[in-house]
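Everything on this sheet refers to the single structure shown next.
The values are calculated or read from the model by the stated rules, or taken from the named source; none is laboratory data. This one's a predicted model, so the numbers in the text were calculated from it and none came from an experiment. Neighbour counts run over all protein chains shown; Cβ positions are idealised from the backbone, glycine included. The protein model used for the area step is the full one, side chains on, heavy atoms only, and it has no ligands, DNA or RNA in it. Shrake-Rupley method; radii C 1.70, N 1.55, O 1.52, S 1.80 Å.
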Amino acid sequence: MGLLVDGQWQDKWYETEANGGRFEREDAGFRNWVTVDGRAGPTGIEGFKAEPDRYHLYVSLACPWAHRALIYRKLKGLEDLIPISVVNPYMGEHGWTFADGAGVVADPVIHADYAYELYTKAKPDYTGRVTVPILWDKKTNTIVSNESSEIIRMFNSAFDDVGAVSGNFVPAELLQEIDDINTFVYSTINNGVYKTGFSTTQEAYEEAVIELFAALDTLEARLAQQRYLTGSTITEADWRLFTTLVRFDAVYVGHFKCNLHRIVDYPNLWGYLRDLYQVPGIAETVNMTHIKQHYYTSHANINPTRIIPVGPAIDFTTAHNREQL
Ligand SMILES: N[C@@H](CCC(=O)N[C@@H](CS)C(=O)NCC(=O)O)C(=O)O
């Protein structure tokens, strides 16, 4: 676990001391957008036109942020248009690597051993954390974006004219509601589990864990009335929540001490989670082995023995009965 400082890799854990033991996530450093015609997107520079086999996606199967991109790649039929590489689930002193292992897919583009090489290739003096997902442009040899929330907005529509399948997870009439839910879910749940697990004081931990479960309670009530977060259709807000929920009982309850309840204890959230898991193609994007290996072995200060628990036994395939809502 570490970061780049002026293009040099340093092995360093997150800084929480300055902030009362609170984990603060750094903003992503590459914020360009692939667009239909190559014009600039909401942030960044122009020049990234949607074209087949121009872009390469680097993911960790363990990572909930990268998982968003994998889900969109699947649902939008982008697999032939945008190939992927998969990092080793163990994130140690060199950060993410392409070291051989089950499920690892090496880097065919710049033949990197370490993910940080992609960052220094794109920007030799890069300073910041080396995170996945990474959307790489093979034409200009740079990182388009390392911000999952923006990568999925691109995948949602930018490739529609060059072979993506139809499907819009941010319909205009729901956009404001989706953005509002995303803001709430990001802070309290998606990042909330990390704020809880990476806390280094009791006070910071309790603050985060209470906020997290208050948010889950709110969503539990909401999902009693409607099948998905914005109503009767699946939107981006659901996929963004899904990647945290699917990891919750297997890693966040134990490893991150998010243990007031499990997702299986919430009837509506648990049915909703199975409902999303059972959408065709989604189960293939969930790799519980990489998920458990990554968390339990990479954070030695949280789990020094690096023992990976065998359980819990969870079956995401049982009937959810939420079509009645
Ligand atoms: N804002 C980024 C966050 C991505 C992120 O933090 N990914 C984690 C893996 S789950 C990572 O690569 N962490 C490495 C580090 O923080 O050093 C996004 O949503 O794409």
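Looking only at region 287-306, filter to residues that are in contact with a His (Cβ under 8 Å, 6 or more places away or on another chain) and within 15 Å of the ligand (Cβ to nearest atom); which one of those is most open to solvent (accessible area, probe 1.4 Å)? Lay out the reasoning, then the answer.
We begin by selecting, within region 287-306, every residue in contact with a His (Cβ under 8 Å, 6 or more places away or on another chain); these are 295-296, 299, 302-303.
This time we only want the ones that are within 15 Å of the ligand (Cβ to nearest atom), so: 295-296, 299, 302.
Numbers: Tyr295: 1, Tyr296: 20, His299: 4, Ile302: 45 Å².
For region 287-306, the residue satisfying everything is Ile302.
Which one of these is at pLDDT 95 or above, open to solvent by 50 Å² or more (accessible area, probe 1.4 Å) and not in a loop (DSSP other than H, G, I, E, B): Lys139, Lys121?
Values: Lys139 fails: not in a loop (DSSP other than H, G, I, E, B).
Selected residue: Lys121, the only one of Lys139, Lys121 that is at pLDDT 95 or above, open to solvent by 50 Å² or more (accessible area, probe 1.4 Å) and not in a loop (DSSP other than H, G, I, E, B).
Residues checked against (1) open to solvent by less than 50 Å² (accessible area, probe 1.4 Å); (2) β-branched (Val, Ile, Thr); (3) assigned by TED's automatic domain parsing to the domain that holds Gly77:
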residue: Ile151; (1), (2), (3): yes, yes, yes
residue: Ile178; (1), (2), (3): yes, yes, no
residue: Tyr194; (1), (2), (3): yes, no, no
residue: Thr200; (1), (2), (3): no, yes, no
residue: Glu211; (1), (2), (3): no, no, no
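Out of all the residues in region 61-106, which are within 21 Å of Val193 (Cα to Cα) and outside any helix (DSSP H, G or I)?
Going through region 61-106, the residues within 21 Å of Val193 (Cα to Cα) turn out to be 61-71, 89-92, 95-96.
Once the filter is applied, which keeps residues that are within 21 Å of Val193 (Cα to Cα) and outside any helix (DSSP H, G or I), region 61-106 yields Leu61, Ala62, Cys63, Pro89, Tyr90, Met91, Gly92, Gly95, Trp96.
Enumerate the pairs (first residue in region 158-171 and at positive phi; second residue anywhere and open to solvent by less than 60 Å² (accessible area, probe 1.4 Å)) with beta-carbon separation below 6 Å, excluding pairs fewer than 6 apart on the same chain, so at least 6 apart or on different chains.
Listed by first residue and then by second, the contacts come to Gly163/Leu81.
Within region 40-57, track down each residue that is in a strand (DSSP E or B) and away from the ligand (no atom under 14 Å from the Cβ). Working first, answer last.
Applying the first criterion (in a strand (DSSP E or B)) to region 40-57 yields 49, 55-57.
Passing the criteria: Lys49, Tyr55, His56.
I'm trying to understand the selection: among the residues of region 124-136, which are within 8 Å of the ligand (Cβ to nearest atom) and not in a loop (DSSP other than H, G, I, E, B)? Don't jump to the end; show me each part of the working.
Pass one, region 124-136, residues within 8 Å of the ligand (Cβ to nearest atom): 129-133.
Matches in region 124-136: Arg129 only.
Could you pull out the residue among Asp100, Asp53 that is open to solvent by 10 Å² or more (accessible area, probe 1.4 Å) and on the phi > 0 side of the Ramachandran plot? Step through it out loud before you land on a result.
Numbers: Asp100 fails: on the phi > 0 side of the Ramachandran plot.
Answer to the selection: Asp53.
May I ask you to list the residues in region 15-36 that are assigned to a loop (DSSP other than H, G, I, E, B) and buried (at least 18 other Cβ atoms within 10 Å of the Cβ)?
First pass over region 15-36, keeping only residues assigned to a loop (DSSP other than H, G, I, E, B): 15-16, 20-30, 32-34, 36.
If the condition is that a residue be assigned to a loop (DSSP other than H, G, I, E, B) and buried (at least 18 other Cβ atoms within 10 Å of the Cβ), then Arg22, Phe23, Ala28, Gly29, Phe30, Asn32, Trp33, Val34 are the ones that fit.
Within the set of pairs 6 or more residues apart or between chains, which connect a residue that is more than 9 Å from the ligand (Cβ to nearest atom) inside region 58-77 to a residue that is of a type in the set (Ser, Thr, Tyr) with Cβ atoms less than 6 Å apart?
The qualifying pairs are Tyr58/Ser85; Leu70/Thr285; Ile71/Thr285; Lys74/Thr285.
In region 102-119, which residues are more than 21 Å from the chain's Cα centre (by Cα) and away from the ligand (no atom under 15 Å from the Cβ)?
Matches in region 102-119: Pro108, Val109, Ile110, His111, Asp113.
Do we find a residue being open to solvent by less than 10 Å² (accessible area, probe 1.4 Å) and either over 17 Å from Ile152 (Cα atoms) or assigned by TED's automatic domain parsing to the domain that holds Ala237 (or both) anywhere in region 56-65?
Among the residues of region 56-65, at least one is open to solvent by less than 10 Å² (accessible area, probe 1.4 Å) and either over 17 Å from Ile152 (Cα atoms) or assigned by TED's automatic domain parsing to the domain that holds Ala237 (or both), which makes the answer yes.
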